[in-house]
1. Which of (1) more than 17 Å from LEU173 (Cα to Cα); (2) charged (D, E, K, R); (3) touching a helix residue (DSSP H, G or I) at 6+ places or on another chain (Cβ under 7 Å) is the odd one out, the single condition GLU60 does not satisfy?
2. Any idea which residue in segment 218-252 is nearest to LEU55 (Cα to Cα), counting only those that are among the hydroxyl-bearing types (Ser, Thr, Tyr) and surrounded by 13 or more Cβ atoms within 10 Å (Cβ to Cβ)?
3. How many residues are surrounded by 15 or more Cβ atoms within 10 Å (Cβ to Cβ) and either of a type outside the set (Val, Ile, Thr) or over 18 Å from the mean Cα position of the chain (by Cα) (or both) when one looks only at segment 3-22?
4. What helices (runs of 4 or more DSSP H), lying completely within segment 1-111, carry at least 3 residues that are modelled with pLDDT under 90 and within 30 Å of GLY147 (Cα to Cα)?
5. Would you check if GLY215 is in contact with a Gly (Cβ under 9 Å, 6 or more places away or on another chain), of a type outside the set (Phe, Trp, Tyr), closer than 25 Å to GLY59 by Cβ and surrounded by 14 or more Cβ atoms within 10 Å (Cβ to Cβ)?
6. Among the residues of segment 209-230, is any out of contact with any helix residue (DSSP H, G or I) (no Cβ under 9 Å at 6 or more places or on another chain) and under 30 Å from ASN86 (Cβ atoms)?
7. For segment 67-83, how many residues meet the condition of being within 12 Å of LEU164 (Cα to Cα) and aliphatic (A, V, I, L, M)?
8. Quick test of your reading of the structure: ILE179 fulfils all but one of (1) over 24 Å from LEU117 (Cα atoms); (2) touching a residue at least 40 places away in the same chain (Cβ under 8 Å). Name the failing condition by number.
Amino acid sequence: MSLLISLRSEALKTKRTAAFYFTLIGAAIVPLIYLLNVFTDGLSDTKKDPLNAILRLNGEMNGFAFFPLFVVLVCTLLPQIEHRNNTWKQVLTAPRSKATVFVAKLLNVQLLLLLFLVANHVFIFLAIVIAHFADPSVGLLHQPLNGTVVLTRAANTYITISALCAAQFWMGLRFRNFIVPTAIGLAFWLTGTLMVLEYHSRAAEYFPYSFQLFGIMPNLRPQLVQVVWTSLAYGAVFLLLGYWDFSRRRMHQ
């Protein structure tokens, strides 16, 4: 019960920020890009399996850039609400443990991540409906949908980002200045991307900020199962270290 109350409190604090709207805007970027392309260049009626191709492209663009960047920002900024508002003393003097505070903040972040993925798929399906009526000759709504692949891709995107999310969440709690953990996260994300795309480094499968690419690049999928478990393991370690660090520090106004 205490955890639910704390989670509700965190959700209410989030509603007073731009995080909710930022999540929806981030989720809508790829569908808007797709619609812009439809109205400028039209739909190709020669593309094989156009419906699933659109959904695959949506998943790849989000997994490559927009979702990792969103995770870096949200997992860093949300834990810092108390730092920005100077309310740590008020939070920690309430009748709840540090463990409850830590878990509630973590769950609140996870809810926003899931909201991003759900909203993105809702928006891309709305975009597909609009595209269908803009060019009925392609018959997008009459194409077969591989729902299992769509769900699997979304699940892989969420799981492979676990290590990055946990690391940024820890840094968000650790630093008072949001610029430092955000800069670290963006630098590591860029490093991980270059390790995969430019240097083809085998170390990328052990670097937490590269993991999200393994679910969207066909040549990396043979390592996906290993990367999924590695991401979960890293995520658990980062969260344990983050809680240990959080529990032993005194928060000041």
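The values are calculated or read from the model by the stated rules, or taken from the named source; none is laboratory data. Treat the numbers as computed from the prediction; the structure is a model and nothing was measured. All Cβ positions, even for glycine, are placed from backbone atoms using ideal geometry, and neighbour counts span all protein chains on display.
1. So the condition that GLU60 fails would be (3).
2. Restricting to residues being among the hydroxyl-bearing types (Ser, Thr, Tyr) and surrounded by 13 or more Cβ atoms within 10 Å (Cβ to Cβ), the top hit is SER231.
3. Residues in segment 3-22 being surrounded by 15 or more Cβ atoms within 10 Å (Cβ to Cβ) and either of a type outside the set (Val, Ile, Thr) or over 18 Å from the mean Cα position of the chain (by Cα) (or both): 9 in total.
4. The qualifying helices (runs of 4 or more DSSP H) are 19-41.
5. Considered against the rule, which asks whether it is in contact with a Gly (Cβ under 9 Å, 6 or more places away or on another chain), of a type outside the set (Phe, Trp, Tyr), closer than 25 Å to GLY59 by Cβ and surrounded by 14 or more Cβ atoms within 10 Å (Cβ to Cβ), GLY215 comes out as yes.
6. No, every residue in segment 209-230 fails to be out of contact with any helix residue (DSSP H, G or I) (no Cβ under 9 Å at 6 or more places or on another chain) and under 30 Å from ASN86 (Cβ atoms).
7. From segment 67-83, those within 12 Å of LEU164 (Cα to Cα) are 67-76; that's our starting set.
Keeping just the survivors that are aliphatic (A, V, I, L, M) gives 69, 71-74.
Within segment 67-83, residues that are within 12 Å of LEU164 (Cα to Cα) and aliphatic (A, V, I, L, M) number 5.
8. For ILE179, the failing item is (2).
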